[in-house]
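Heads up, the thing below is written out as structure tokens.
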Protein chains: 2
Amino acid sequence: MPDEDLPAFDPKARTGGDRSARQRFEHIYHTLRTRICLLDYPPGERLREEDLAEEFGVSRTPIRRVLVKLEAEGFLRSVHGVGTIVTDIEIEELEQVYQLRVELAELIGRLMPVEPDNSKRAAFRELLSRCEGLVGKPDAREFARINMDFFHLLNSLTGNEPLREISERLYYQTTRIWLKTASRLSQYEEILMDEIRIFHREVADIVDAVNVGDLRVVGLIRRAHISMSFQRLRNEARRAYR
Amino acid sequence: MPDEDLPAFDPKARTGGDRSARQRFEHIYHTLRTRICLLDYPPGERLREEDLAEEFGVSRTPIRRVLVKLEAEGFLRSVHGVGTIVTDIEIEELEQVYQLRVELAELIGRLMPVEPDNSKRAAFRELLSRCEGLVGKPDAREFARINMDFFHLLNSLTGNEPLREISERLYYQTTRIWLKTASRLSQYEEILMDEIRIFHREVADIVDAVNVGDLRVVGLIRRAHISMSFQRLRNEARRAYR
DNA sequence: GATTTTCTTGTTGTGCACAACATCACGACT
DNA sequence: AGTCGTGATGTTGTGCACAACAAGAAAATC
């Protein structure tokens, strides 16, 4: 749902400015958040309000609105007289976020699980096939995109709206830092291949669990994978700095 | 920490406007959030940006910044051409938030618990005595304030910063709706007295657990009380509409 | 030569005027 | 009498000019 204009960097992609204020706001917000998550704006990058204003064809004012929201969610930090900077997260704090995500992942299967209908099952199957294509032709950006779509699909399995909202925010936070950290490791290509394979297995496992209809199990599988994913990243990072 | 100027409605209370932009922002933000939680601005209330601007001695622009953040956190909703309205929450969604809070309460005792030092223990003792004073002289607003301080103290028992942040937001959301719903019930005075007594017991139990040093138990007690508190509210509300 | 000071440049923050929008009252028309 | 339209009013949204601020360069001073 959040990723419309897929090229994501093509200014022409914006389909006319005759939408309501709220729609424009949502559009700019989702676009920027996706860019941050996909590392189009990596941690440390400085965003200029005026540039963004020009790109989206508005003045600085509505842009600032979006930036304030992104700052409230921890993606940005505006400093008077300096700039608006994409936040970075140390490994210690990242671990805290992961700890929390692990618990929330299980809650998605326990709090108000929704029976997946046929369209959802179809979406899972399609995701699995995209995943299989990825195994044959590894690509970091495509991996990130599938991972993101997969998350949103999983997240829609709980009827607990606050839980969805919070999980989403934490997902974006951890994923971008995960991507950034992984991409700086020396044996990046190799690690990426492994991760894609593991991710493929996770998707396959979860699709099975969804088909059986046991969302509790989905939560447990997901929990295990999130936890292990962070462990692997931490181990690799430790090994690299020695 | 969030509640400075206690009168909370006295415009003169703001101690000079020579602070930095960020400090001003935080001040206005915390002030408004506290007012929302204490029902100075009840759900449905319409806030006028110009009034707030005048009260805090600034223009509409910095006010809007605060309002955007409060909207992102679900306390407000701005509608073009209509106004900025304090959100209300239906009992169904409130239940979802409570479900989540119940789980998070337990996590506070499990994720990175911090050993309470002497100053924290003292703070707990002081809170307990304030609580005892309240039993003798029931007062809804003072009850809300103590409850809020108690929450912040408990919340400081985990080192997991994202968890703290999220728990805080959900606390403010549920507490204000709880207060609103309770205050509309017919036997409000009686219910309030009961709640104060029960809350007093909860504080006493938790102070004991803190002194023993078992934060896991703190989480469990807290979990139980949050859950029961909502159950009581729901039962009372159901009884009232019959 | 080193250090302090001042100036220049670039950025976000603020204030204000106006546009866009929703709502309601009032009146014209059927 | 009812219904639609039209305008008045009040609100948030936008654009723009300028203030406040930070950082680095340049210059003045010792």
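Every read-out reported here was derived from the displayed coordinates using simple, explicitly stated rules and does not represent laboratory data. All of these numbers come straight from a predicted model, not from anything done at the bench. Note that we place each Cβ from the backbone using ideal geometry, even for glycine, and neighbour counts take in every protein chain shown.
For B:E190 and B:E26, a Förster radius of 41 Å and the Cβ-Cβ distance give a FRET efficiency of 0.55, rounded to the nearest 0.05. Taken as Cα centroids, region A:141-188 and region A:50-91 sit 21 Å apart, rounded to the nearest whole angstrom.
Roughly what would the spin-label model give for A:R60 and A:E132, points 7 Å off Cα along C-beta, in nm? Here the modelled spin labels are 5.3 nm apart. Inter-copy label distances for A:N118: 7.1 nm (label point placed 7 Å from Cα along Cα→Cβ; shortest first). Between the beta carbons of B:E50 and A:R238, assuming R0 = 56 Å, the FRET efficiency works out to 0.50 to the nearest 0.05.
With contacts taken as Cα pairs under 8 Å at a separation of at least 6 residues, chain A carries a relative contact order of 23 percent.
With the cut-off at 1.5 for a/c, could you classify region B:11-86 from its C-alpha gyration tensor as rounded, prolate or oblate? Taking the square roots of the gyration eigenvalues as a ≥ b ≥ c, region B:11-86 is prolate. Across region B:104-183, Cα pairs under 8 Å and at least six residues apart give a relative contact order of 44 percent. Non-local lysine pairs in the protein assembly as shown, meaning eight or more places apart or on different chains, with alpha-carbon distances under 26 Å, amount to 9.
Inter-chain neighbour count for B:97-103: the average number of beta-carbon atoms from partner chains within 10 Å of each residue's beta-carbon is 4. Each stretch of four or more DSSP H residues adds -39500 (n - 2.57); spread over every residue of the protein assembly as shown, this sum gives -23500 deg cm²/dmol at 222 nm.
Would you please classify the overall shape of region B:91-240 from the alpha carbon gyration tensor, given that a ≥ b ≥ c denote the square roots of the eigenvalues, rounded means a/c under 1.5, and beyond that prolate means a/b larger than b/c while oblate covers the rest? Cα axes put region B:91-240 in the oblate bin. Assuming a ≥ b ≥ c are the square roots of the Cα gyration tensor eigenvalues, decide whether region A:176-242 counts as rounded (a/c under 1.5), prolate (otherwise, with a/b larger than b/c) or oblate. Verdict is prolate for region A:176-242. Once each of the chymotrypsin sites (Phe, Trp or Tyr not before Pro) sitting in a DSSP loop with at most 16 other beta-carbon atoms within 10 Å is removed, chain A keeps A:10-240 as its longest stretch.
Summing Cβ point charges (Lys, Arg +1; Asp, Glu -1) relative to the Cα centre of chain A gives a dipole of roughly 220 debye.
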